[in-house]
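Take a look at the structure set out below.
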Amino acid sequence: MNRGAVIPVIAIDGPSASGKGTVAKQVARALGWRYLDSGALYRLVALAAIESSVGWEDAARLAEIAGRLDVRFEGEEIWLAGRRATDAIRTEACSIGASRCAAVPAVRNALLDRQRRFREAPGLVAEGRDMGSVVFPDAALKVFLTASAEARAERRHKQLIDKGIPANIQTLLRDLQERDARDAERPVAPLKQLPDARLLDTTRLTVDEAVAQVLGWYRERAGAA
Ligand code: DC
């Protein structure tokens, strides 16, 4: 069966802290579709690697971890091997580790089928870096969602301060730029805007405006199909 022909996917790719997670989740909710946070999978590989003391240069063991990742997504909660990992994967150590794991081709391969299995009726909104290029190249709509580095650092800063976590905008900006460079310059599945992706710059948009734009584009496509 050609699942691609029947189950639509909206692929939302973009850099760290661009707000694509929030937008993707709300688009999925509005359509009543499933949602895939592919970055969480790389973060889970990093968490499992840290817990097993596996180094970032050990590609074979990282791929093995990715292949047998025992993960459960339940609403907003994420479980790794039966333990709640929702907050643990958002630490700075896991962010850096995820970006290292994501540069390993064998890790990316090991996560491919797992990501594609999220494609279930009536549809899927998938967000990450290579949703439109590698995982769901036949997506009904591809969006490249971004914002200026300064706006992204400010949003991350506000999130941390709201949670009572001390943060420095300059450090956040530098970390974001370093991670952007690593994600965009790696040889496998680098982050880039595809020629067939719509560009959504959210620097001056509210979340509601960004969600409405994605839904509008999808309805345009679906109407035209
Ligand atoms: O979206 P995020 O910040 O949770 O992603 C964590 C890391 O995983 C980030 O460095 C980019 C990488 N990633 C990737 O390479 N491919 C994806 N589809 C999703 C995330």
Between a first residue in region 78-90 that is touching a residue at least 60 places away in the same chain (Cβ under 8 Å) and a second residue that is assigned to a strand (DSSP E or B), which pairs have beta carbons less than 9 Å apart while being 6 or more apart in sequence or on different chains? none
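Every residue, every condition in (1) within 30 Å of ALA222 (Cβ to Cβ); (2) of a type in the set (Phe, Trp, Tyr), yes or no:
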{"residue": "GLY14", "(1), (2)": "yes, no"}
{"residue": "TYR35", "(1), (2)": "yes, yes"}
{"residue": "VAL45", "(1), (2)": "no, no"}
{"residue": "ARG72", "(1), (2)": "no, no"}
{"residue": "GLU77", "(1), (2)": "no, no"}
{"residue": "ALA81", "(1), (2)": "no, no"}
Residue in region 32-44 that is on the phi < 0 side of the Ramachandran plot and over 17 Å from the mean Cα position of the chain (by Cα) present: no
Conditions (1) hydrophobic (A, V, I, L, M, F, W, C); (2) surrounded by fewer than 13 Cβ atoms within 10 Å (Cβ to Cβ); (3) within 17 Å of the chain's Cα centre (by Cα) -> ALA197 fails only (2)
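Based on what the data block shows, is ASP37 among the acidic types (Asp, Glu) and at pLDDT 95 or above?
Numbers: among the acidic types (Asp, Glu): yes; at pLDDT 95 or above: yes.
Yes.
Determine whether ARG119 is in a loop (DSSP other than H, G, I, E, B), modelled with pLDDT of 95 or more, closer than 28 Å to LEU200 by Cα and of a type in the set (Lys, Arg).
Numbers: in a loop (DSSP other than H, G, I, E, B): yes; modelled with pLDDT of 95 or more: yes; closer than 28 Å to LEU200 by Cα: yes; of a type in the set (Lys, Arg): yes.
Considered against the rule, which asks whether it is in a loop (DSSP other than H, G, I, E, B), modelled with pLDDT of 95 or more, closer than 28 Å to LEU200 by Cα and of a type in the set (Lys, Arg), ARG119 comes out as yes.
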Consider region 162-176. How many of its residues are part of a helix (DSSP H, G or I) and at pLDDT below 90? 3
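Given the criteria buried (at least 21 other Cβ atoms within 10 Å of the Cβ) and closer than 18 Å to ARG186 by Cβ, does SER95 qualify? Before the answer, list the steps.
On the way: buried (at least 21 other Cβ atoms within 10 Å of the Cβ): no; closer than 18 Å to ARG186 by Cβ: yes.
When the stated conditions are applied, SER95 does not pass them.
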Considering each residue of region 1-54, count those that are farther than 21 Å from GLU120 by Cα, among the aliphatic types (A, V, I, L, M) and within 12 Å of the ligand (Cβ to nearest atom), and give that number. 5
Meets criteria (among the hydroxyl-bearing types (Ser, Thr, Tyr) and surrounded by 19 or more Cβ atoms within 10 Å (Cβ to Cβ)) for SER133: yes
Checking LEU205 against (1) in a helix (DSSP H, G or I); (2) aliphatic (A, V, I, L, M); (3) over 21 Å from ARG108 (Cβ atoms), only one condition comes out false. Which one? (1)
Which number in (1) at pLDDT 85 or above; (2) assigned to a helix (DSSP H, G or I) marks the one condition that LEU200 misses? (2)
Name, by its number, the condition in (1) closer than 15 Å to VAL135 by Cα; (2) within 13 Å of the ligand (Cβ to nearest atom) that does not hold for ALA93. (1)
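Could you tell me whether any residue of region 162-170 is among the aliphatic types (A, V, I, L, M) and buried (at least 18 other Cβ atoms within 10 Å of the Cβ)? Steps first, answer last, please.
Applying the first criterion (among the aliphatic types (A, V, I, L, M)) to region 162-170 yields 165, 167, 169.
Restricting the remaining residues to those that are buried (at least 18 other Cβ atoms within 10 Å of the Cβ) gives none.
Among the residues of region 162-170, not one is among the aliphatic types (A, V, I, L, M) and buried (at least 18 other Cβ atoms within 10 Å of the Cβ), which makes the answer no.
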Enumeration of residues in region 98-115 that are within 15 Å of PRO137 (Cα to Cα), surrounded by fewer than 20 Cβ atoms within 10 Å (Cβ to Cβ) and within 12 Å of the ligand (Cβ to nearest atom): LEU112
A careful count of residues in region 3-54 that are crowded, with 24+ Cβ neighbours inside 10 Å, among the β-branched types (Val, Ile, Thr) and part of a helix (DSSP H, G or I) gives 3
Name the residue, out of GLU64, GLU57, that is more than 16 Å from the ligand (Cβ to nearest atom) and in a helix (DSSP H, G or I). GLU64
Scan region 125-150 for residues that are away from the ligand (no atom under 16 Å from the Cβ) and either of a type in the set (A, V, I, L, M, F, W, C) or not in a loop (DSSP other than H, G, I, E, B) (or both) and report the count. 3
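The values are calculated or read from the model by the stated rules, or taken from the named source; none is laboratory data. The structure displayed is predicted, hence computed values, not measured ones. For neighbour counting, all protein chains shown are included, and Cβ atoms are generated from backbone atoms with ideal geometry for every residue, glycine included.
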